[in-house]
Amino acid sequence: MLQHSRTASPLLSRPGAVPAEGHDEGVAAHYGDLFREQRALADGRGLVDLSHRGVVAVTGDDRLSWLHLLLTQHVSDLPAGQATEALILSAHGHIEHALYLVDDGETAWMHVEPGTEEALIAYLESMKFFYRVEVAERTADVAVVHLPAGSIAEVPRGVVVRETPHGRDLFLPRADLETYADANGPLAGILAYEALRVETHRPRVGFETDHRTIPHELGWIGSAVHLQKGCYRGQETVARVHNLGKPPRRLVFLHLDGSEVHLPGPGTPIRLAADGEEGRKLGFITTSARHHELGPIALALVKRNVPVDAELLAGDTAAAQETVVEP
């Protein structure tokens, strides 16, 4: 999992804030009551501090036509204000970056996983050639905050917004982060945000991906990959698997046994319950969470041929699966 080093968010000074660790270091894991924070987000209230995420901006007359050549998504005629997401793949079709993007008519804004922005910019710079584009990292002066679906919080004039079915991502001036959070609370930590992400089966680079993950395994075909557009790096793999083959693994959603005290963490092996803990490893947990209504839940990658109705074990914890990606 990727690590990064960044100045901690000023919102970590708020009462009850407990710092997140690992990949999400720099923002709050929670503010004292995980389930209350989840319920607030589910009800369309509150704000999530995502200021640890990298922010990249692309300007210039050719920005959309140029990005169209590099990304898995169709963005050459992306309307101003319309949110999209896209991937950058390796030459072999493996996922390297996920970009959460919106164009405001002058600039294409995107937020990316913490610590990945430098590698992303290096790749983009290497592909500029004669195109009229400029690429800039804006993490130092722009912070991402998330408002849940249904939120009635006002968006300040001039702030760029990504509107999605799951809520709004604001590209907020970092200097305004504390003031805006104070006016639009309650604050919810990254653990609440992640629990709702798992509930809605949304993959995340560095969590649901490893060095060999292809988009088909995670259900990213359609939402982040446009199958009718032209060439981009890794496109041959995407087309071949879509037309001729089947992905070797598939994403599943797991309901975990709520009687267990411990929560199986990322990397916990998945086996058939019928085979017990000594059975053959068929996959692994990618993200686990405690949900305010569903109890312990998880996303996992399993081998494609695992029966969709099979009872599973995550470590020593019983797990019932729901299909995310069809086998």
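The values are calculated or read from the model by the stated rules, or taken from the named source; none is laboratory data. It should be emphasised that the depicted structure is a prediction, and the values quoted were computed from it without experimental measurement. When we count neighbours, we look across all protein chains shown, and the Cβ atoms used for this are built from the backbone with ideal geometry, even at glycine. What goes into the accessible areas is simple: the full protein's heavy atoms, side chains included, and nothing from ligands, DNA or RNA. Shrake-Rupley method; radii C 1.70, N 1.55, O 1.52, S 1.80 Å.
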Projected area, mean over directions - region 160-223, Cα convex hull, nm²: 5.9
Over the chain: helical MRE at 222 nm, DSSP H runs n ≥ 4 each giving -39500 (n - 2.57), nearest 500: -4500 deg cm²/dmol
Rg and Dmax [Cα atoms of region 1-100; Å; Rg one decimal, Dmax integer]: 17.6, 47
Ratio of the Cα radius of gyration of region 54-117 to 2.2 N^0.38 Å, where N counts its residues: 1.06
Check: region 213-266 dipole with +1 on Lys, Arg Cβ and -1 on Asp, Glu Cβ, in debye: 380
Alpha-carbon centroid distance for the pair region 74-116 / region 29-59, whole angstrom: 20
Three semi-axes of the equivalent ellipsoid, the chain, Cα gyration tensor, whole Å, largest first: 31, 27, 16
Euclidean distance of C-alpha centroids, region 297-311 and region 119-154, integer Å: 35
Principal axis box of region 276-316, alpha-carbon based, largest edge first, Å: 32, 20, 18
Rounded, prolate or oblate (a/c below 1.5 giving rounded, otherwise prolate when a/b exceeds b/c) for region 162-277 by Cα gyration tensor: oblate
Karplus (6.51, -1.76, 1.60) ³J(HN,Hα), θ = phi - 60°, over region 270-283, in Hz, Gly and Pro reported as x: 9, 9, 5, 4, 5, 8, x, 5, 9, x, 5, 5, 10, x
Distance (nanometres) between label positions extended 7 Å along Cα→Cβ at residue 178 and residue 280: 5.8
Inter-label distance, nm, simple model (7 Å from Cα along the C-beta direction), residue 304/residue 125: 3.9
Å² per residue, accessible surface of the chain at 1.4 Å: 44
Expected-Rg normalisation [2.2 N^0.38 Å, Cα atoms] applied to region 105-246: 1.23
Region 91-142, relative contact order in percent, only Cα pairs under 8 angstrom and at least six apart counted: 24
Accessible area of residue 118 in the full protein assembly, 1.4 Å probe (Å², nearest 10): 140
In the chain, lysine pairs closer than 28 Å at Cα, eight or more apart or cross-chain: 5
Cβ-Cβ FRET estimate between residue 92 and residue 228, R0 fixed at 35 Å, reported to 0.05: 0.95
Neighbourhood charge, 10 Å Cβ-Cβ cut-off, centred on residue 90 and excluding it, Lys, Arg +1 and Asp, Glu -1: +1
Expected-Rg normalisation [2.2 N^0.38 Å, Cα atoms] applied to region 255-327: 1.00
Farthest positive-ward along the chain dipole, Cα basis, beta-carbon charges - from 165, 94, 254: 94
Net dipole in debye of the chain [+1 Lys, Arg Cβ; -1 Asp, Glu Cβ; about Cα centre; nearest 20]: 660
Evaluated at q = 0.13, 0.19, 0.22 Å⁻¹: base-10 log I(q)/I(0), Debye formula over Cα of region 204-327: -0.54, -0.99, -1.23
Full-stretch length increase - residue 21, residue 83 - with 0.36 nm per residue and alpha-carbon distance subtracted: 19.4 nm
Accessible area in the full protein assembly, largest first, 1.4 Å probe, for 229, 281, 246, 128: 246, 281, 128, 229
Backbone N under 16 Å from the residue 255 label point (7 Å along Cα→Cβ), restricted to region 188-208: 199-201
Region 209-273 - Rg and Dmax from Cα coordinates, angstrom: 16.0, 50
With 10 Å bins from 0: P(r) over region 45-192, alpha-carbon pairs, percent: 11, 42, 33, 12, 1
